[in-house]
Amino acid sequence: MSENKNKGIIVAGMHSSSGKTAVTSLVLAAMHKRGLSFQPFKIGPDYIDPGYHLHYSAKNSVNLDPWIMGQDHVVQAARQFTKNALGVAEGVMGLFDGSDPETDAGSTMEIARWLGWPILLVVPCQNAGRSITSAIQGFVREAGGAKHFSGIILNQVNSESHAVYLRKACKSLEIPVLGALPEIPALSWPERHLGLQPGLEQKLPEPELLAELAEKHLELDLLFKKFPFPNPAKKNEVQNNQKFRKRIAVAQDEAFHFYYYANLEWLRQNGAEVVPFSPLKDRQIPENVEGLILGGGFPEVFAEEMSANKSMLDSLKTSVESGLPCYAECGGLMVMAEGLKLQSGKLFPMAGVVPGIVEMTKQLQHFGYCKVESPNFGEIRGHEFHYSHWTEETKQANLWEVTRHSTGISRREGYCTSNLHASYVHLYFPQASSLIREIFDLFPD
């Protein structure tokens, strides 16, 4: 931990929807405009917030998931990507929320302890008075003292006078207030399910605007002076001069964009050239590829457009049925089914590789961490999050037995053939490396 200490800062909230992504984006935009050397991170199993990070920092955000990755992998990833940069990690849910309701396990706080990075606490303050200081003091005590905190951001203050009042109230605290944000329309981003709507589906404010807002409302000089910024001339990108042995087509567009940056990097580091394509806009999958990946996303939002692209659906079906190795994850499974039925009742034909249809639901079907005990690949950890179900799961699921981490309940899940792996479970490739190697034959020559 000592090597990582003070190499980054963690933006944490008191609960979900407290403004963590907005504050993180403001800080990233300001750092980028100032020409500082930094690296964004996202704590937990999240694909959407990293898209905001990329938009405002021009850098791919790296996930740090304590339950899936474990301490050694988290510390290693943080060390690797902050070699010549300061880390800025956005937390998950509230500071102490994680995989265990009785401990810090799987939480933002656990990552903070592992890395020794101080916390910038985002405090929602709409209509709040002096009582908010008691809540902050409770967070400080639970964390183990003010030493774990760099400062406080007062978010959603009602007015300038409200901000002045709260600043006075917070003078009794051991940690400083480093900014007060009013309700800003440019930062009022729409939400879907339990998180923000993907940035790809909307026109986000330009980075320049957020940099200006950060300079106006946040005390950046006080925040930044606590950290030794590396020389910005040095690059923090991982260099990979390895020659590619295989070409793998990866679906990447508005409907398919749930990818861990580490997963794509793992493919490249293991000899696979990542060939992006758009199932929505392209007519067929790329030529001369030796594998196919259809990741997660929100294909239901683009169901009509996806279904109308019959040549792409035919290309997907023909390619897989002819033996092309295919990894379809969540949204990928949905599009590989015979059809996708929306909550409106409309049914759109899809690729027809997986038997049965996928129906959208009003309630969350499966949510949270899960694991698979495989005799061939050991323990594989992942997570699920979907408002849909595959109608044939109870009859034709044949991939594996998935056990929920929170309840211990298991079910038969996923669909496979000799060359198809289709599942609702999202995987972190470095942790599931033995399985991914097997699917795409990514073994050293």
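Let me confirm something: among 402, 335, which residue is within 25 Å of residue 266 (Cα to Cα), not in a strand (DSSP E or B) and not basic (Lys, Arg)? Lay out the reasoning, then the answer.
Numbers: 402 fails: not in a strand (DSSP E or B).
Answer to the selection: 335.
For region 332-354, how many residues are touching a Gly at 6+ places or on another chain (Cβ under 7 Å) and farther than 18 Å from residue 291 by Cβ?
Step one: filter region 332-354 for residues touching a Gly at 6+ places or on another chain (Cβ under 7 Å), giving 332, 337-338, 347-350.
Applying the additional criterion that residues be farther than 18 Å from residue 291 by Cβ yields 337-338, 347-350.
The number of residues fulfilling the criteria is 6.
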* Residue check: is residue 316 touching a helix residue (DSSP H, G or I) at 6+ places or on another chain (Cβ under 6 Å) and within 13 Å of residue 336 (Cα to Cα)? -> no
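Return yes or no: is residue 434 hydroxyl-bearing (Ser, Thr, Tyr), out of contact with any Ser or Thr (no Cβ under 6 Å at 6 or more places or on another chain) and within 15 Å of residue 45 (Cβ to Cβ)?
Values: hydroxyl-bearing (Ser, Thr, Tyr): yes; out of contact with any Ser or Thr (no Cβ under 6 Å at 6 or more places or on another chain): yes; within 15 Å of residue 45 (Cβ to Cβ): no.
It is false that residue 434 is hydroxyl-bearing (Ser, Thr, Tyr), out of contact with any Ser or Thr (no Cβ under 6 Å at 6 or more places or on another chain) and within 15 Å of residue 45 (Cβ to Cβ).
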* Quick check: anything in region 328-335 more than 15 Å from residue 251 (Cβ to Cβ) and in contact (Cβ under 8 Å) with a residue 12 or more places away in the chain? -> no
* Check off (1) part of a strand (DSSP E or B); (2) within 21 Å of the chain's Cα centre (by Cα); (3) surrounded by fewer than 17 Cβ atoms within 10 Å (Cβ to Cβ) for residue 268 and give me the number that stays unchecked. => (1)
* Consider residue 22 against the criteria (1) without any contact (Cβ under 8 Å) to a residue 60 or more places away in the chain; (2) among the hydrophobic types (A, V, I, L, M, F, W, C); (3) part of a helix (DSSP H, G or I): it satisfies all of them except one. Which criterion is unmet? -> (1)
* **Every residue from region 167-186 that is among the aliphatic types (A, V, I, L, M), touching a strand residue (DSSP E or B) at 6+ places or on another chain (Cβ under 7 Å) and either under 30 Å from residue 204 (Cα atoms) or assigned to a strand (DSSP E or B) (or both)** => 177, 178, 180, 181
* Top-ranked residue of region 118-145 - restricted to ones that are in contact with a helix residue (DSSP H, G or I) (Cβ under 8 Å, 6 or more places away or on another chain) and in contact (Cβ under 8 Å) with a residue 60 or more places away in the chain, ranked as farthest from residue 94 (Cα to Cα) -> 118
* So which residues in region 274-320 are without any contact (Cβ under 8 Å) to a residue 60 or more places away in the chain, among the acidic types (Asp, Glu) and surrounded by 15 or more Cβ atoms within 10 Å (Cβ to Cβ), if there are any at all? -> 282, 305
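Residues are listed down the side, and each one gets a yes or a no for (1) out of contact with any Cys (no Cβ under 8 Å at 6 or more places or on another chain); (2) crowded, with 17+ Cβ neighbours inside 10 Å; (3) not assigned by TED's automatic domain parsing to the domain that holds residue 340:
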site: 402; (1), (2), (3): no, yes, no
site: 413; (1), (2), (3): yes, yes, no
site: 418; (1), (2), (3): yes, no, no
site: 422; (1), (2), (3): no, yes, no
site: 426; (1), (2), (3): no, yes, no
site: 429; (1), (2), (3): yes, yes, no
* Asked: If you go through region 378-395 one residue at a time, do you hit one that is among the polar types (S, T, N, Q), touching a residue at least 40 places away in the same chain (Cβ under 8 Å) and within 24 Å of residue 262 (Cβ to Cβ)?
  -> no
* What number of residues in region 328-364 are crowded, with 16+ Cβ neighbours inside 10 Å and either outside the structural domain of residue 405 (by TED's automatic domain parsing) or within 28 Å of residue 98 (Cβ to Cβ) (or both)? -> 5
* Applying the selection to region 57-81, what residues are under 16 Å from the mean Cα position of the chain (by Cα) and among the acidic types (Asp, Glu)? -> 65
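The values are calculated or read from the model by the stated rules, or taken from the named source; none is laboratory data. Note that the coordinates shown come from a computational prediction; the quantities given were computed from them, not determined experimentally. Backbone-built Cβ (ideal geometry, glycine too); neighbour counts: all protein chains shown.
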